Amino acid sequence: MLETADLPAALGRIRRVTGLPVAFGGVVAADVRHMRLTDFAGTSTLALHGLVVSAGHGLGGRVVTTARPGRVADYAADPRISHEYDGPVTAEGLRAIAAVPVAMGGSVLAVLYAGTREPIAVGGRALDAMGRVALRLGTEVTVRREVARRMAELEVAAARDARDATAREWEEVRLAHADLRTLAAETSDPTLRERLQHISDRLVGARPGAAAPLRSPRASSTCSRWSRSAAGTRRRRVDWGFCRKP
């Protein structure tokens with residue numbers, strides 16, 4: 001569920017946090033056999049545009065198959081990778097390159113690259129910063145997928161005839177609704193919040209005897225856990241196991 005603006009936004013963040021002049025990326029195909037480079041920031045040619053990278057080949061292809069970050073100090077001369085793509089990389093003038101996976105669960109959805117035209121290795125701090133950008137994007141995609149799934153469930157429940165719904169079913173709907181509100185709060189996407197309110201209103205209309213909009217109960221202990229921030233205050237965070245019932 002990567003959206004059109006996801007990769008450009010991530011590449012912009014990578015350039016800001018690493019200071020590297022070039023960033024680019026691509027989405028992995030559903031069959032995980034290849035990836036097409038689609039988004040670019042700081043490039044000076046079209047050499048890499050639309051390049052199809054096979055899984056296991058080159059730096060990015062290795063990241064796809066291993067789901068682990070990688071880096072080379074001089075792309076065309078590094079013996080640890082295959083060199084099918086030396087031509088486009090050299091045409092762009094890139095030397096040192098790092099790449100990180102955007103993952104959801106055990107699947108690699110995309111690869112984000114950053115590099116420089118100097119043969120100076122990308123440092124560990126820069127690679128870690130790239131990893132945080134990729135993790136943030138992977139988390140956003142995971143949340144969107146889970147929110148969409150739960151919204152679909154709630155829409156089905158709201159469409160049922162209230163007379164046919166048992167008290168247990170409505171309790172399950174209430175709990176799912178609370179979980180969904182907790183997940184949606186973890187994103188900055190206003191569209192998700194608007195859709196959530198729409199479904200909440202529909203649930204109110206279908207629920208027997210309901211006279212006011214459903215409140216957003218606190219997440220249950222199976223949905224979240226307490227953590228301590230750097231300032232020492234306690235805050236609740238979502239358990240990305242997505243609210244498994246005991």
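Would it be correct to say that ILE120 is in contact with a Lys or Arg (Cβ under 7 Å, 6 or more places away or on another chain) and surrounded by fewer than 21 Cβ atoms within 10 Å (Cβ to Cβ)? First the steps, then the outcome.
Working: in contact with a Lys or Arg (Cβ under 7 Å, 6 or more places away or on another chain): no; surrounded by fewer than 21 Cβ atoms within 10 Å (Cβ to Cβ): yes.
No.
Within the group ALA77, ALA99, which residue is of a type in the set (Gly, Ala, Ser) and open to solvent by less than 30 Å² (accessible area, probe 1.4 Å)? Working first, answer last.
Numbers: ALA77 fails: open to solvent by less than 30 Å² (accessible area, probe 1.4 Å).
It is ALA99.
Consider the stretch 14-35. How many of its residues are buried (at least 18 other Cβ atoms within 10 Å of the Cβ) and part of a helix (DSSP H, G or I)?
2
Against the definition (surrounded by 15 or more Cβ atoms within 10 Å (Cβ to Cβ) and of a type in the set (A, V, I, L, M)), how does ALA152 come out, yes or no? Write out each step before concluding.
Working: surrounded by 15 or more Cβ atoms within 10 Å (Cβ to Cβ): no; of a type in the set (A, V, I, L, M): yes.
The answer is no for ALA152.
With β-branched (Val, Ile, Thr), at pLDDT 95 or above and under 18 Å from ALA103 (Cβ atoms) as the only criterion, which of VAL27, VAL52 stands out?
Only one candidate passes the filter, namely VAL27.
In the list THR38, THR66, which residue meets the criterion of being surrounded by 14 or more Cβ atoms within 10 Å (Cβ to Cβ), under 19 Å from the mean Cα position of the chain (by Cα), without any contact (Cβ under 8 Å) to a residue 60 or more places away in the chain and under 28 Å from ARG125 (Cβ atoms)? Outline the logic, then answer.
Values: THR66 fails: surrounded by 14 or more Cβ atoms within 10 Å (Cβ to Cβ).
Step by step, each of THR38, THR66 is checked, and only THR38 is surrounded by 14 or more Cβ atoms within 10 Å (Cβ to Cβ), under 19 Å from the mean Cα position of the chain (by Cα), without any contact (Cβ under 8 Å) to a residue 60 or more places away in the chain and under 28 Å from ARG125 (Cβ atoms).
The values are calculated or read from the model by the stated rules, or taken from the named source; none is laboratory data. All of these numbers come straight from a predicted model, not from anything done at the bench. Please note: Cβ atoms are built from the backbone with ideal geometry, for glycine as well, and neighbour counts cover all protein chains shown. Ligands, DNA and RNA are stripped out before the accessible areas are found, and what is left, the full protein with its side chains, is counted by its heavy atoms. Shrake-Rupley method; radii C 1.70, N 1.55, O 1.52, S 1.80 Å.
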